[in-house]
Amino acid sequence: MWPFSRKESRSEPTFDQWQNIPFFGYGPTSAGVTVTAENPITHHTVFSCINVIAEGVAMLPLNLYRERGPNRKPATDHPLYELLLTSPCPHMTAFAFWKLVLFEKLHYGNHYSLKVPNDNGVLTELHPVENGCVQPFWYRDPIDKKRRRAYRIGTPDGAQAVFLEDEVFHVQNLPILRGPDYGLKGVSVWQHYQAETMGGALATNEFANASFANGASLSGMISVNAPLNSEQGREARKLVQETYAGASKAGKIGVFGNDAKFFPMSMDAQKSQLLESRKFDRSVIAGILRVTAHLINDLERGTFSNVEHLDLAHYKHCLTPHLTDLCQTVAKDLLTPEERRTIYAEHDPTLLLMGDQKTLGEVLEKAVQNGRMTPNEARAVTNLPPLPGGDELYINSASVPLRLAAAGKPEPPTDQPAKKENADAATA
């Protein structure tokens with residue numbers, strides 16, 4: 001089955017050194033929680049932030065263009081045009097595919113897709129590969145002796161194949177910054193650079209959940225005057241646990257006989273500043289991913305007077321780096337050096353920057369009156385059908401066609417004034 005039974009058109013690479021040592025996980029952080037490859041996304045703020053970024057990028061159409069500036073036009077005849085815009089692979093829409101790309105990039109540090117060509121070598125599909133089934137490594141090219149990147153890819157049934165760099169669409173996050181794998185692949189920010197931050201956030205969540213499970217009370221020791229053997233101690237502990245522990249039993253009054261005394265051994269939520277700690281973790285995680293607070297429902301200090309500017313800042317400072325990275329990766333991995341001279345990919349940010357209806361109407365009105373858009377182009381922005389005569393550019397508030405204004409000619413008169421003059425003459 002493809003791609004592991006594909007025909008080879010060239011010799012396999014010569015491997016001079018295996019450097020991609022499998023990762024077996026880190027030890028516990030200072031908070032006592034081990035940050036694995038999977039558990040960061042279980043934190044609600046991490047998931048919310050990644051989801052905001054992934055959906056924000058995936059919702060923007062990725063178009064393929066020819067030329068730049070005034071001569072730019074969609075490259076609709078190129079095979080990549082529909083592939084990037086509609087469906088990169090048969091079982092996924094473009095939205096689902098690009099959302100997956102961003103989720104894996106931000107969570108694992110890498111996204112891998114195999115490039116599937118037809119018999120003529122034309123790219124027809126980008127086939128996503130599970131992150132854990134890919135191991136990038138360096139090899140020495142036998143022809144020019146330069147170090148190249150290759151990928152060992154496996155399947156759940158144990159089959160493996162090696163693919164060269166030009167056979168894989170690889171989107172990576174922050175790369176490895178040191179060691180033999182420097183620049184080889186992206187890494188998980190949470191595991192490699194912010195493990196302590198994530199460990200503390202996960203530990204705070206565990207503490208909060210455990211506190212609620214235990215009713216946020218009765219964590220301590222019971223002291224009695226009479227000596228107790230081990231069996232009596234277990235019975236006493238079981239009785240207290242069944243009677244008072246658990247969220248459903250919170251707020252009950254404890255009664256202890258035989259001169260027993262209860263000594264609390266832990267802090268309550270207020271003393272441990274649990275709520276403040278969780279708010280701080282939310283702010284730090286959102287800051288690492290550069291997501292503005294209002295997009296993850298953090299409206300504690302929201303005034304709603306500058307939300308539109310916050311949305312614009314989110315687009316400029318959070319989404320734009322990812323959009324730029326995707327466009328450049330598409331050019332590097334999916335276009336030939338010859339095609340890059342005249343063809344490029346670019347997202348259409350109209351959906352994100354449209355603004356409120358009043359502002360949008362004012363912008364379109366000024367664009368039409370100042371010769372920047374035709375009336376039909378402005379109507380298309382609001383999903384209205386074109387009208388006859390609406391494909392000309394106009395200038396100034398008199399709505400003079402641009403071609404007549406450039407020639408210094410006035411707007412051609414209509415027959416309405418002439419009809420009025422004839423009617424007046426007939427009356428006289």
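Every test in (1) within 30 Å of residue 139 (Cβ to Cβ); (2) touching a Pro at 6+ places or on another chain (Cβ under 7 Å); (3) modelled with pLDDT under 85 is passed by residue 184 save one, and that test is (3). The criterion of being at pLDDT below 65, open to solvent by less than 100 Å² (accessible area, probe 1.4 Å), within 30 Å of residue 42 (Cα to Cα) and not polar (S, T, N, Q) does not hold for residue 286.
Within region 57-76, restricting attention to residues that are in a helix (DSSP H, G or I) and either open to solvent by less than 70 Å² (accessible area, probe 1.4 Å) or touching a residue at least 60 places away in the same chain (Cβ under 8 Å) (or both), the residue that is farthest from residue 298 (Cα to Cα) is 69. Among residues of region 378-407 that are under 27 Å from residue 352 (Cβ atoms) and among the hydrophobic types (A, V, I, L, M, F, W, C), those with a beta-carbon under 9 Å from a residue that is exposed (fewer than 11 other Cβ atoms within 10 Å of the Cβ) and modelled with pLDDT of 75 or more at least six positions away or on a different chain give the pairs 381/350. Checking each residue in region 77-89 for being of a type outside the set (A, V, I, L, M), under 15 Å from residue 348 (Cα atoms) and touching a residue at least 12 places away in the same chain (Cβ under 8 Å) picks out only 81. Taking region 90-132 as the range and being touching a residue at least 24 places away in the same chain (Cβ under 8 Å) and at positive phi as the test, only 109 passes. On the basis of being within 21 Å of the chain's Cα centre (by Cα), touching a residue at least 60 places away in the same chain (Cβ under 8 Å) and open to solvent by 60 Å² or more (accessible area, probe 1.4 Å), does residue 326 make the cut? No: the conditions fail for residue 326. Within region 393-409, restricting attention to residues that are modelled with pLDDT of 75 or more and not in a loop (DSSP other than H, G, I, E, B), which residue is farthest from residue 374 (Cα to Cα)? Taking the candidates together, the pick is 395.
Rundown of residues vs (1) over 30 Å from residue 168 (Cβ atoms); (2) modelled with pLDDT under 80; (3) outside any loop (DSSP other than H, G, I, E, B); (4) of a type outside the set (Asp, Glu), yes/no style:
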residue: 344; (1), (2), (3), (4): no, no, yes, yes
residue: 361; (1), (2), (3), (4): yes, no, yes, yes
residue: 368; (1), (2), (3), (4): yes, no, yes, yes
residue: 391; (1), (2), (3), (4): yes, no, no, no
residue: 425; (1), (2), (3), (4): yes, yes, yes, yes
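Consider region 108-121 and keep the residues that are open to solvent by less than 10 Å² (accessible area, probe 1.4 Å) and not in a loop (DSSP other than H, G, I, E, B). The one that is nearest to residue 174 (Cα to Cα) is 110.
Do the conditions hold for residue 160, that is, is it more than 20 Å from residue 333 (Cα to Cα), open to solvent by 20 Å² or more (accessible area, probe 1.4 Å) and modelled with pLDDT under 80?
no
Quick one: would you say residue 104 is out of contact with any Leu (no Cβ under 8 Å at 6 or more places or on another chain), under 23 Å from residue 41 (Cβ atoms) and among the charged types (D, E, K, R)? Yes; evaluated as a whole, the condition is true for this residue.
Only a single criterion out of (1) open to solvent by less than 50 Å² (accessible area, probe 1.4 Å); (2) modelled with pLDDT of 85 or more is not satisfied by residue 381, namely (2). Kindly evaluate residue 54 against the criterion of being more than 22 Å from residue 336 (Cβ to Cβ), at pLDDT 95 or above, of a type in the set (Gly, Ala, Ser) and open to solvent by less than 10 Å² (accessible area, probe 1.4 Å). In short, yes.
Out of the residues in region 133-152 that are under 11 Å from residue 112 (Cα atoms) and in contact (Cβ under 8 Å) with a residue 60 or more places away in the chain, which is surrounded by the fewest Cβ atoms within 10 Å (Cβ to Cβ)?
135
Do you know which residues across region 135-168 are among the polar types (S, T, N, Q) and part of a loop (DSSP other than H, G, I, E, B)? Matches in region 135-168: 155 only.
Of all residues being free of Cβ contacts under 8 Å to residues at least 24 places away in the same chain and assigned to a helix (DSSP H, G or I) in region 295-320, which is nearest to residue 109 (Cα to Cα)? Just the residue, please.
Result: 320.
The values are calculated or read from the model by the stated rules, or taken from the named source; none is laboratory data. Because the structure is a prediction, the values reported are computed rather than measured. So basically every Cβ, Gly included, is an ideal-geometry build from the backbone, and we count neighbours across all protein chains shown. We work out accessible area using only protein heavy atoms, side chains counted, and drop any ligands, DNA or RNA first. Shrake-Rupley method; radii C 1.70, N 1.55, O 1.52, S 1.80 Å.
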